[in-house]
Amino acid sequence: MDRAYPGAGLSAGGSEAPAGPSSWPPAARWPEALHRAVGALTEALRGQALPLVALSGGADSLALAVAAAETARLRASPVLAGGVGAVIVDHGLQPGSAGVAQRAATVARTLGLDPVTVERVDIHVTGDGPEAEARTARHAALEAAASRLGSDAVLLAHTRDDQAEQVLLGLARGSGTRTLAGMPRRRGLLLRPLMDLTRQDTESICRWAGLRWWEDPTNADPAFLRSRIRSRVLPALEEPQHGLGPGLAAALARSADIAAEDAAALEDWAGREFDRLWPEGRGEVEAPGTPGLRPSSGPVSLPMGELAALPAAIRYRVIGCAVVAAGGERPSRERVLAVDRLVATRSTGGSSAGPVELAGGVAAHRRSTGGCARLVLGAVRPEGPRLDRAG
């Protein structure tokens, strides 16, 4: 999400990046982008004690650090009276990464951020791909640092351009509403206050502050799908004569905001329906799509007729919630549709009763008890799905 400083001759891990400023604060007036960044931070940080900037040394995160420093310096947000800090995560994936991390820490201290900490992480191979594995390790390190330092918020520097890339990735994968909503502006400790700014904005803030920034070499590596979208696909789509024209990134980001609103409403509706259909789990399971979704201690049993009467978008979400509540992993659309066929065959007089096996050692089964058909999801035993205590 960060780009090189034009004309500075910087290379990944080079001795000149990140660097600056020569003096702080600058005498020049704020650029317009910094006004917007400070306004967004002031709004986002209401009630958040000791926010920490997740600083990589790239243009976006350095601009966020500048905006946080200026917000704190001018007391634009009362909560920042206690200061604002920075966390630099060194993934150790490239030569010289430790030096880049230390130079980023020096810049943060020059801006007046305190405390400033560098966290070295080890990347564990899980099969999810290097980008996802690095993100998992980074977020764990950020949350651990926040807990240790007593921070209520970690600030991430994703911009409108990053959001547009995320939406395109979702479209390419044929994803649903939640994925097309892109990155949330807020999730737990993680806040993204620069989502209405562009990379051009963050670079202008860095120039005003007298900062040179570092470029992650993977940003230009065509081996990574996100890098191809950033360097090739989006520029081609925004090309005035042969593409769709300028403004596509902004339109994609607006679409993400609309999708996020719709997804939140659908998930809230589905959560209420799940509570109604399975009152035994009330208080144990949150609505689908939330990070606090927790498994139940036993099988989940839903009345088939009432489940079938729900609109498909809500029914699919209720099924997904039930799978996780029964101890399984969040199911793919293909697996949700497989479970839903048990509901459909019942309503059309079909005979299939399952089981449908799901990731995480859970199976879905149709069962009749006292003349009432129910969809039961429970742990799989060697002899078949566990159906005890259901119904």
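The values are calculated or read from the model by the stated rules, or taken from the named source; none is laboratory data. Values in this document were obtained by computation on a predicted structure and should not be read as measured data. Don't worry about glycine lacking a Cβ; one is built from the backbone with ideal geometry, like all the others, and counts go over all protein chains shown. Each accessible area value is taken on the protein alone, full model and side chains, heavy atoms only, with ligands, DNA and RNA left out. Shrake-Rupley method; radii C 1.70, N 1.55, O 1.52, S 1.80 Å.
Flag: D152 matches the condition of being open to solvent by 40 Å² or more (accessible area, probe 1.4 Å) and at negative phi.
Let's see how each residue does on (1) within 21 Å of G247 (Cα to Cα); (2) modelled with pLDDT of 95 or more; (3) acidic (D, E):
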position: D122; (1), (2), (3): no, no, yes
position: E133; (1), (2), (3): no, no, yes
position: A137; (1), (2), (3): no, no, no
position: L142; (1), (2), (3): no, yes, no
position: L155; (1), (2), (3): no, yes, no
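Residues that are in contact with a Cys (Cβ under 8 Å, 6 or more places away or on another chain) and open to solvent by less than 50 Å² (accessible area, probe 1.4 Å): does the stretch 199-213 have at least one? Looking for residues that are in contact with a Cys (Cβ under 8 Å, 6 or more places away or on another chain) and open to solvent by less than 50 Å² (accessible area, probe 1.4 Å), one finds at least one in the stretch 199-213, hence yes.
Specify the residue that is modelled with the highest pLDDT; the eligible residues are those in the stretch 40-70 that are part of a helix (DSSP H, G or I) and open to solvent by 10 Å² or more (accessible area, probe 1.4 Å). First the steps, then the outcome.
Start the filter on the stretch 40-70 by keeping residues that are part of a helix (DSSP H, G or I), which leaves 40-44, 59-70.
Okay, now just the ones that are also open to solvent by 10 Å² or more (accessible area, probe 1.4 Å), so 40, 42-44.
Numbers: A40: 95, T42: 90, E43: 90, A44: 90.
Going through the qualifying residues, I end up with A40.
Within the stretch 342-350, is there a residue that is open to solvent by 60 Å² or more (accessible area, probe 1.4 Å) and at pLDDT 60 or above?
Applying the first criterion (open to solvent by 60 Å² or more (accessible area, probe 1.4 Å)) to the stretch 342-350 yields 346-349.
Okay, now just the ones that are also at pLDDT 60 or above, so none.
No, every residue in the stretch 342-350 fails to be open to solvent by 60 Å² or more (accessible area, probe 1.4 Å) and at pLDDT 60 or above.
Hey, among the residues in the stretch 351-386 that are assigned to a loop (DSSP other than H, G, I, E, B) and buried (at least 18 other Cβ atoms within 10 Å of the Cβ), which one's modelled with the highest pLDDT? By that ranking, first place goes to P355.
Just one of A256, A287, A338, A223 is out of contact with any Ser or Thr (no Cβ under 8 Å at 6 or more places or on another chain) and either hydroxyl-bearing (S, T, Y) or at pLDDT 95 or above (or both); which is it?
Numbers: A287 fails: either hydroxyl-bearing (S, T, Y) or at pLDDT 95 or above (or both); A338 fails: either hydroxyl-bearing (S, T, Y) or at pLDDT 95 or above (or both); A223 fails: either hydroxyl-bearing (S, T, Y) or at pLDDT 95 or above (or both).
Answer to the selection: A256.
Yes/no per residue for (1) over 27 Å from the mean Cα position of the chain (by Cα); (2) open to solvent by 50 Å² or more (accessible area, probe 1.4 Å):
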site: E239; (1), (2): yes, yes
site: L244; (1), (2): yes, yes
site: R254; (1), (2): no, yes
site: A260; (1), (2): no, no
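Tally the residues that are within 23 Å of I229 (Cα to Cα) and in contact with a helix residue (DSSP H, G or I) (Cβ under 7 Å, 6 or more places away or on another chain), restricting the search to the stretch 136-170. The number of residues fulfilling the criteria is 11. Tell me which residues, restricted to the stretch 194-215, are part of a loop (DSSP other than H, G, I, E, B) and within 24 Å of A250 (Cα to Cα). If the condition is that a residue be part of a loop (DSSP other than H, G, I, E, B) and within 24 Å of A250 (Cα to Cα), then L194, M195, D196, L197, T198, E215 are the ones that fit.
Yes/no matrix, rows are residues, columns are (1) in contact with a Phe, Trp or Tyr (Cβ under 7 Å, 6 or more places away or on another chain); (2) within 16 Å of L191 (Cβ to Cβ); (3) without any contact (Cβ under 8 Å) to a residue 40 or more places away in the chain:
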{"position": "T117", "(1), (2), (3)": "no, no, yes"}
{"position": "T126", "(1), (2), (3)": "no, no, yes"}
{"position": "A134", "(1), (2), (3)": "no, no, no"}
{"position": "A140", "(1), (2), (3)": "no, no, yes"}
{"position": "A144", "(1), (2), (3)": "no, no, yes"}
{"position": "D152", "(1), (2), (3)": "no, yes, no"}
{"position": "L156", "(1), (2), (3)": "no, yes, no"}
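Of everything listed in (1) farther than 30 Å from G83 by Cα; (2) open to solvent by less than 20 Å² (accessible area, probe 1.4 Å), the single unmet condition for L111 is (1).
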